[in-house]
1. Can you give me the angle between helix 316-333 and the longest principal axis of the chain, using Cα atoms only, in degrees from 0 to 90, rounded to the nearest 10?
2. Relative contact order for the chain using alpha-carbon pairs under 8 Å, separation at least 6, rounded to a whole percent?
3. Counting Lys and Arg as +1 and Asp and Glu as -1, each charge on the Cβ, what is the dipole of the chain about the Cα centre in debye, to the nearest 20?
4. Over region 169-333, what is the relative contact order in percent, taking alpha-carbon pairs closer than 8 angstrom and at least six residues apart?
5. Hey, rough spin-label estimate for I107 and D27, points 7 angstrom out along Cα→Cβ, what's it come to in nanometres?
6. Does anyone have the angle between helix 12-23 and the longest principal axis of the chain? Alpha-carbon axes, 0 to 90°, nearest 10?
7. For N316 and L143, what does the FRET efficiency come to when R0 = 41 Å and r is the distance between their Cβ atoms, rounded to the nearest 0.05?
8. Averaging over every viewing direction, what projected area does the convex hull of the Cα atoms of region 1-136 cover, in nm²?
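FYI, it's all coordinate maths here, none of it is from the lab. The model shown is predicted, which means the values in this text are computed figures rather than measured ones. Reconstructed Cβ throughout: ideal geometry from the backbone, glycine too, with neighbour counts over all protein chains shown.
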Amino acid sequence: MTICYLANALSIHTQRWAIHFANRGYDIHVISFRPGAIPGVQVHSVPPPVPIKQIGYLLVLPQINRLLKHIRPDILHAHYATSYGLLGALSRYRPLVITAWGSDVLIAPKRSKLSRAAVLFALQRADLVTSMAHHMTRTLVELGVPQNKIVTLPFGVDTTIFHSRLSAQEQRRIDIVCTRNFRPVYNVELVIRALSQVAVSYPGVRCVLVGDGPLRSKLEKLGCKLGVKSNIGWEGQVSPPKVAWWLSQSKVFVTPAFSDGNNVSLNEAMACGCFPIGSDIPANREWLVDGENGFLVPPDRPDVLAQRILQALESNDLRLRAAERNWQIVQERADWHKNMTGMEQYYQWLVS
């Protein structure tokens, strides 16, 4: 089988999908606006010739059609309903799979009537739509996508990298970790504001921020202003095994985003036995029951987040119980290998 992904070749998620199915023996191609190298995969770069995205996307459509005529894939799979998904629909290539990632269906349709129409146009022309979470599936149905062609399939985590055997709870030397990138939607500012309140009770509290993004300078200045500069370690972007290592070294994980799809970062923390605290949004409610296997907090209340962090740090039993339950949940619902086996079956069904 030949599978062609319309997706960002630089995205870790695109790379995971492409490498997984290449390792399964399939002929994998990726058509991407941005150039990138993926082991065992042929990447075709089609950079938009103009900076205006919407116009640029349409201008690369003839080039994408030529590539598809040359590759002749058995499956065309677009990742992200806007941009790549729209181009997949406009190409008229079949069968077409579109995977919604989050903001492409949760935020983009609300921006304008034109944006909503473009997203719906793409999704309705797909032969199969995969959604990363049940709350996204409900949104897709509300948009007008037929329920019978939507599959809810979380990306999940690679349990050979992220797992509960990495370290014992009592050996963890980091108090708080956040692995979200420094962009407005991920709301990392909340972690720093809460940290300043936690530090009143625990002056030596240690927090590691694993990620990067355009808000880094602003966040660093905020840490200095609030007097917690020495409490924060800035680790930047790191490899998945290194992310797993940091999670294994930390007691509490915080994901403060305003909006999310599946929230793979949360699943990674759950797999590594790091006690999760998430913003009270649908994406996190998919995985956490407040007070049982984690905490849910308002995304605009650093005082509440600080209280929950202190509560988790002070109760080793609470963290141990949550770690055991969360590992079970990951094995049941968020194991990358199991979920991709399901996706492979859908590919075979579409081709047949």
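1. It works out to around 10 degrees.
2. On the way: 679 pairs, mean separation 48.4, N = 352.
In percent, rounded to a whole number, it is 14.
3. Details: 38 positive and 26 negative charges, 201 e Å.
The dipole magnitude comes to about 960 debye.
4. Numbers: 297 pairs, mean separation 41.9, N = 165.
Rounded, it is 25 percent for region 169-333.
5. It works out to 3.8 nm between the two label points.
6. 60 degrees
7. Values: r = 45 Å, r/R0 = 1.09.
Calculated value: 0.35.
8. Numbers: hull surface 31.3 nm².
Mean projected area of the Cα convex hull: 7.8 nm².
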